[in-house]
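The values are calculated or read from the model by the stated rules, or taken from the named source; none is laboratory data. Just so we're clear, the structure is a prediction, and the values are computed from it rather than from any experiment. All Cβ positions, even for glycine, are placed from backbone atoms using ideal geometry, and neighbour counts span all protein chains on display. All accessible areas refer to the heavy atoms of the entire protein, side chains included, with ligands and DNA or RNA removed. Shrake-Rupley method; radii C 1.70, N 1.55, O 1.52, S 1.80 Å.
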Amino acid sequence: PAPAAAAAAAGAGCTPQLVTFGRPYTPACPRPVEGADICAQVAARHTRVADDAALAAEQSAEDRPFGCWWQESNGLLFYNSLASAVESQNCSEDRQCVCCDPTVPAPGTCPFSHFQSTVLVSSCTDEAGALPLELVLGTDVDLLRLPEGASSAQVEIIADVDVDVRLLDEEAGVCVVGKGCLFSEPCTSATEPCIQYRNASVHYAGATLHLSGRAPGDLRALALTARPGGTGNGTLAYELGPSDPCPAVPPGCSPCASYQGCQGSDGADEVPQCDGSAQVLCQSRADATVIAAVRPSSVTAGAGTVITFDGDVGAGDVAMWAVHCQADGEAVDVSVGSAPCGIAAPGSYRLCYKASGSPTFVEQLDITLTVLPPTRSRIISGHVAPHQVVAGIDTSMVLWGTVNAGDLVTWAQDCADATAWVAPPEGVDAMTTFRLTSSGTFRLCYRESGHSDSVAQEGILASVVPAITVPLETCSLQLVSSGKPFGDSCLQPVQSLESCAEQAINLPDIPDDVARPTLQAAEDRPYGCWWQPSNGISPGKLFFNSLPQSGGLVDCSSSRLCVCCNTRRPTTTATTTTTVTATVTYATACLPKFVTSGAPFGASCLRPMESRHACALLAPTLPHVPDHVSSARLQSADDRPYGCWWQPSNHHLYFNKLAASDGERGCSTAFACICCEDDVTATATTTATTETTKWTPTATATLTMTTATATETLTTTSTGTSTVTTVTHTTSTATLTQTSLTSTTTVSTTLTKTSTSVTRTVSITSTRTTTATTTATLTMTRSSRSTTTATIATWMATTTVTRTTNTTTATPTITTSRSSTTTATATAT
């Protein structure tokens with residue numbers, strides 16, 4: 001054929017793919033489209049390229065891919081004739097190479113899942129050539145089946161035996177031309193047709209037959225056969241005109257399952273296996289069904305997806321994916337039941353399996369792997385995010401772009417580690433609800449239907465802040481008529497369409513039968529879920545507004561009531577006063593300490609603590625005793641230290657009233673005695689607390705709490721005289737009247753706004769005026785432990801204390817004053 005016809009044939013036999021990675025002539029694009037004259041013809045057959053696409057320019061550029069390539073951003077086609085294709089640039093999403101699908105056979109051949117049942121298969125283009133024939137007496141030879149819409153065909157058989165060419169209309173069941181057919185006489189003219197059948201004109205001369213349509217494409221599906229008059233060899237010479245349309249499976253190609261040659265008389269259970277040629281292999285059904293299924297059955301080219309093989313896999317077994325099992329391919333070990341897929345070229349592949357010790361690969365029945373091109377990185381061109389994306393809160397977003405059925409999306413900081421895939425609604429610019437569980441910057445990851453990769457969408461990011469309230473499911477909803485969403489009055493607006501529909505009806509002002517929320521993307525309405533009450537004429541209506549990211553926040557109002565989560569602590573001033581009156585006996589003039597050696601009343605512990613109440617009161621002031629310890633367990637054991645002691649192993653405090661035998665166990669690290677330091681003056685403290693709290697969370701909130709604390713200390717001096725055999729009591733009373741306590745209240749507010757946050761800092765100092773009278777009556781008792789000449793003195797005090805706080809310590813030396821300020825700061829973003 002002429003060069004133009006050859007190029008047209010090459011174009012007709014190319015099923016186009018748009019390749020976005022790798023170079024031409026590499027596994028990603030083994031068959032690039034070669035020729036500027038067919039670039040547009042081939043590319044236009046791809047679904048994403050316009051039918052009327054035309055070649056914009058021819059190039060010879062080293063910074064562009066070799067061959068035919070498409071620029072999706074402007075819909076233009078280019079052909080780059082760079083001399084060294086190996087050195088050309090990679091294919092990319094900006095410059096997508098137009099390549100021929102390597103898994104689709106060349107024109108004039110059968111699909112790999114078929115076998116060739118005629119000598120010649122039409123490529124639907126102008127073509128001519130010659131093919132050898134084997135002729136057997138009594139066996140007709142199927143020469144050619146013409147597709148519907150063929151324009152012309154001419155065949156001539158040159159053989160060493162007599163041969164008669166026949167024309168059949170198989171659909172009508174008619175033998176049209178040939179010996180014993182409807183028209184059996186040869187034409188008398190050497191060239192002029194003499195037979196008319198429907199739209200076909202036929203010239204018949206025994207071993208030669210030429211037919212043509214009255215107009216291009218007029219011929220219906222017809223078949224040409226040869227009936228030999230003996231056994232011998234011959235040659236089929238042919239010339240075929242173009243056919244339009246061209247069927248996906250050319251006539252003369254039969255499905256592999258229709259092959260009858262494997263049904264032998266020996267009863268062996270065999271199945272046919274094809275590669276598109278006329279040669280068909282018969283394989284044992286048992287060998288062809290070792291693998292029952294694979295998972296997944298669709299992957300992304302070059303992704304290295306691990307495929308699981310379900311079946312009777314044995315040690316040393318290998319498999320490969322190929323267009324047919326007589327082709328070359330890379331075999332992988334599947335003895336563990338799985339293996340990664342390394343195919344770089346998209347297409348459809350069959351599983352070829354070779355058991356350990358077997359000489360050949362056997363195609364596994366009904367198992368194919370679809371390999372798809374990588375997911376595109378610009379499917380989503382933008383997204384409508386709310387004013388804030390809060391961790392742990394369902395948030396609805398509008399994704400700008402076209403989503404197809406089966407596509408998946410998710411947010412991840414690295415798309416290679418993406419999980420928690422969500423199926424977005426099918427369509428254009430649809431709304432999808434997400435829940436991002438942690439704070440940080442996240443990318444939108446996309447996976448097209450049937451793919452196994454995860455591709456970050458260019459420029460699509462979400463900044464997630466920590467939750468400053470509990471999740472919506474645990475909050476109490478309310479309708480808010482003032483302030484902005486995310487402001488003081490609506491700390492957490494309802495941020496998802498689903499929550500709006502499901503939760504809002506729980507509010508008493510919204511009827512249970514209200515219609516689903518109406519979707520909005522309006523800058524003059526409050527963000528999120530809001531309720532429009534009935535005006536007496538029209539019923540109330542529920543809305544969900546996915547405010548554009550660049551839009552400002554509109555105030556809630558009485559006619560547009562925001563649905564908010566009321567989980568924050570409202571702005572209040574709370575004063576808490578606790579008054580406790582108790583009479584307690586304390587060990588006075590005692591600063592507690594741990595003693596881990598010696599024994600009570602010994603050199604290391606001259607003054608053991610001899611009051612259970614003092615033990616419970618003073619032990620928590622030591623660094624290793626928790627504050628929540630409020631009582632001492634009472635003992636009477638001669639194998640434990642006398643008095644107050646602490647057991648670190650179980651965090652228990654004990655007070656041991658020594659057993660009658662008066663035996664004593666020494667102090668140790670396991671049984672730490674709590675003893676009093678000598679000559680220490682203790683204090684009694686009464687605390688009154690007034691707390692004012694301002695909680696104003698915003699996008700960035702600084703929270704300040706100020707506490708005023710008054711401390712009263714009463715001081716008295718007691719003296720006593722002691723001998724070994726006598727006891728002297730001295731009682732002293734001290735009274736202090738405090739007439740006033742005044743502190744100044746200062747309120748300061750600082751508001752800072754940026755494009756992404758609002759910071760409000762509030763400081764409050766409370767004011768309290770009080771009058772208090774405190775009386776402490778102290779009874780000092782000095783007692784003798786024995787009648788020896790040694791005096792072991794323990795000072796005891798019985799004190800009545802009125803206190804207005806949760807903690808009090810007492811001493812016989814008391815002086816009173818009040819003043820204390822505590823500031824705590826918390827920041828939420």
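In this structure, is C564 under 33 Å from the mean Cα position of the chain (by Cα) and at pLDDT 85 or above?
Details: under 33 Å from the mean Cα position of the chain (by Cα): yes; at pLDDT 85 or above: yes.
The answer is yes for C564.
Determine which single condition V362 fails, assuming it passes every other condition in (1) over 24 Å from G22 (Cα atoms); (2) open to solvent by 20 Å² or more (accessible area, probe 1.4 Å); (3) β-branched (V, I, T); (4) more than 15 Å from the chain's Cα centre (by Cα).
Result: V362 fails condition (2) only.
Across region 115-132, what is the number of residues that are in a strand (DSSP E or B) and either acidic (D, E) or in contact with a Cys (Cβ under 8 Å, 6 or more places away or on another chain) (or both)? Talk me through it step by step, then tell me what you get.
Kept after step one, since they are in a strand (DSSP E or B), are these residues of region 115-132: 115-116, 127-132.
The next check asks that each one be either acidic (D, E) or in contact with a Cys (Cβ under 8 Å, 6 or more places away or on another chain) (or both); those that pass are 115-116, 127.
Total satisfying the criteria: 3.
Inside region 224-282, can you point out the residues that are touching a Lys or Arg at 6+ places or on another chain (Cβ under 8 Å), assigned to a loop (DSSP other than H, G, I, E, B) and open to solvent by 70 Å² or more (accessible area, probe 1.4 Å)?
If the condition is that a residue be touching a Lys or Arg at 6+ places or on another chain (Cβ under 8 Å), assigned to a loop (DSSP other than H, G, I, E, B) and open to solvent by 70 Å² or more (accessible area, probe 1.4 Å), then D269 is the only one that fits.
Could you list, in sequence order, all residues of region 293-326 that are in a strand (DSSP E or B) and over 25 Å from P272 (Cβ atoms)? Quick ask: steps written out before the conclusion?
Our first condition is that a residue be in a strand (DSSP E or B); within region 293-326, this holds for 293-295, 298-300, 306-311, 318-322.
Across region 293-326, the qualifying residues are R295, S298, V299, T300, V306, I307, T308.
Looking at A456, A405 in this structure, which one is touching a strand residue (DSSP E or B) at 6+ places or on another chain (Cβ under 8 Å) and small (G, A, S)? Please lay out each step first, then the result.
Working: A405 fails: touching a strand residue (DSSP E or B) at 6+ places or on another chain (Cβ under 8 Å).
Checking each option against the conditions leaves just A456.
Counting only residues that are outside any helix (DSSP H, G or I) and at pLDDT below 70, which one in region 465-474 is surrounded by the most Cβ atoms within 10 Å (Cβ to Cβ)?
Taking region 465-474 as the starting set, the residues that turn out to be outside any helix (DSSP H, G or I) are 465-471.
Checking which are at pLDDT below 70 leaves us with 468-471.
Working: I468: 21, T469: 19, V470: 14, P471: 16.
Once the filter is applied, the top-ranked residue is I468.
Only one of S338, S348, S377 is at pLDDT below 95, open to solvent by less than 30 Å² (accessible area, probe 1.4 Å) and within 18 Å of A301 (Cα to Cα). Can you tell me which?
Details: S338 fails: open to solvent by less than 30 Å² (accessible area, probe 1.4 Å); S348 fails: open to solvent by less than 30 Å² (accessible area, probe 1.4 Å).
None of the others qualify; the one that does is S377.
Every residue in region 135-185 that is in a loop (DSSP other than H, G, I, E, B), modelled with pLDDT of 90 or more and of a type in the set (S, T, N, Q), please.
Selection gives S184 alone.
Only one of these is out of contact with any strand residue (DSSP E or B) (no Cβ under 7 Å at 6 or more places or on another chain), within 30 Å of Y527 (Cβ to Cβ), modelled with pLDDT under 50 and open to solvent by 50 Å² or more (accessible area, probe 1.4 Å): T571, T578. Name it. Step through it out loud before you land on a result.
On the way: T578 fails: within 30 Å of Y527 (Cβ to Cβ).
Unique residue meeting the criteria: T571.
If you take the residues in region 399-417 that are of a type in the set (A, V, I, L, M) and open to solvent by 20 Å² or more (accessible area, probe 1.4 Å), which one is nearest to V494 (Cα to Cα)? Full working, then the answer.
Here is the first cut: in region 399-417, the residues of a type in the set (A, V, I, L, M) are 399, 403, 405, 408-409, 412, 416.
Remaining after also requiring open to solvent by 20 Å² or more (accessible area, probe 1.4 Å): 405, 408, 416.
Details: A405: 28, L408: 25, A416: 31 Å.
Checked region 399-417; the qualifying residue nearest to V494 (Cα to Cα) is L408.
How many residues are among the polar types (S, T, N, Q) and under 20 Å from G666 (Cα atoms) when one looks only at region 587-631?
Kept after step one, since they are among the polar types (S, T, N, Q), are these residues of region 587-631: 588, 596-597, 604, 611, 621, 630-631.
With under 20 Å from G666 (Cα atoms) added as a condition, the list becomes 596-597, 604, 611.
Of the residues in region 587-631, 4 are among the polar types (S, T, N, Q) and under 20 Å from G666 (Cα atoms).
L182 versus (1) within 24 Å of V136 (Cα to Cα); (2) open to solvent by 70 Å² or more (accessible area, probe 1.4 Å): which is the lone unmet condition?
All conditions pass for L182, except number (1).
Can you tell me how many residues in region 34-58 are part of a helix (DSSP H, G or I) and out of contact with any Gly (no Cβ under 9 Å at 6 or more places or on another chain)? Quick ask: steps written out before the conclusion?
First, the residues of region 34-58 that are part of a helix (DSSP H, G or I): 36-43.
Okay, now just the ones that are also out of contact with any Gly (no Cβ under 9 Å at 6 or more places or on another chain), so 36, 40, 43.
Residues meeting the conditions: 3.
Can you give me the number of residues within region 427-445 that are small (G, A, S) and under 16 Å from I393 (Cβ atoms)? Even if it seems obvious, please write down each step before you answer.
Filtering region 427-445 for residues small (G, A, S) gives 427, 430, 438-440.
Add one more test, that the residue is under 16 Å from I393 (Cβ atoms), and what stays is 438-440.
Selection size over region 427-445: 3.
Suppose we filter region 10-33 for residues that are surrounded by 19 or more Cβ atoms within 10 Å (Cβ to Cβ), not in a helix (DSSP H, G or I) and not polar (S, T, N, Q); how many remain?
Residues of region 10-33 surrounded by 19 or more Cβ atoms within 10 Å (Cβ to Cβ): 10-14, 16-20, 22-24, 28-29, 31-33.
Still in the running and not in a helix (DSSP H, G or I): 13-14, 16-20, 22-24, 28-29, 31-33.
In the following step, the residues that additionally are not polar (S, T, N, Q) were identified as 13-14, 16, 18-19, 22-24, 28-29, 31-33.
Residues flagged as surrounded by 19 or more Cβ atoms within 10 Å (Cβ to Cβ), not in a helix (DSSP H, G or I) and not polar (S, T, N, Q) within region 10-33 amount to 13.
Just to be sure before I move on: is V464 in contact (Cβ under 8 Å) with a residue 12 or more places away in the chain and more than 30 Å from A303 (Cβ to Cβ) in the structure I sent? Explain how you work it out, then say what you get.
Values: in contact (Cβ under 8 Å) with a residue 12 or more places away in the chain: yes; more than 30 Å from A303 (Cβ to Cβ): no.
For V464, the condition - in contact (Cβ under 8 Å) with a residue 12 or more places away in the chain and more than 30 Å from A303 (Cβ to Cβ) - is not met.
When region 518-537 is examined, which residues are found to be outside any strand (DSSP E or B) and buried (at least 24 other Cβ atoms within 10 Å of the Cβ)?
Residues of region 518-537 that are outside any strand (DSSP E or B), as a first pass: 521-527, 533-537.
Answer for region 518-537, where residues must be outside any strand (DSSP E or B) and buried (at least 24 other Cβ atoms within 10 Å of the Cβ): P526, Y527.
Just checking, does region 364-375 include any residue being under 30 Å from V280 (Cα atoms) and without any contact (Cβ under 8 Å) to a residue 40 or more places away in the chain?
From region 364-375, those under 30 Å from V280 (Cα atoms) are 364-372; that's our starting set.
Cutting the leftovers down to without any contact (Cβ under 8 Å) to a residue 40 or more places away in the chain gives us 366.
Looking through region 364-375, at least one residue is under 30 Å from V280 (Cα atoms) and without any contact (Cβ under 8 Å) to a residue 40 or more places away in the chain.
Filter region 93-112 down to the residues that are open to solvent by 30 Å² or more (accessible area, probe 1.4 Å) and touching a residue at least 24 places away in the same chain (Cβ under 8 Å), then identify the one that is nearest to G75 (Cα to Cα). Working first, answer last.
Going residue by residue through region 93-112, those that are open to solvent by 30 Å² or more (accessible area, probe 1.4 Å) are 93-95, 102, 104, 106-107, 109, 112.
Within this subset, residues satisfying the condition of being touching a residue at least 24 places away in the same chain (Cβ under 8 Å) are 93, 95, 102, 104, 106-107, 109, 112.
Details: E93: 12, R95: 11, P102: 25, V104: 26, A106: 28, P107: 28, T109: 33, F112: 33 Å.
In this case the residue turns out to be R95.
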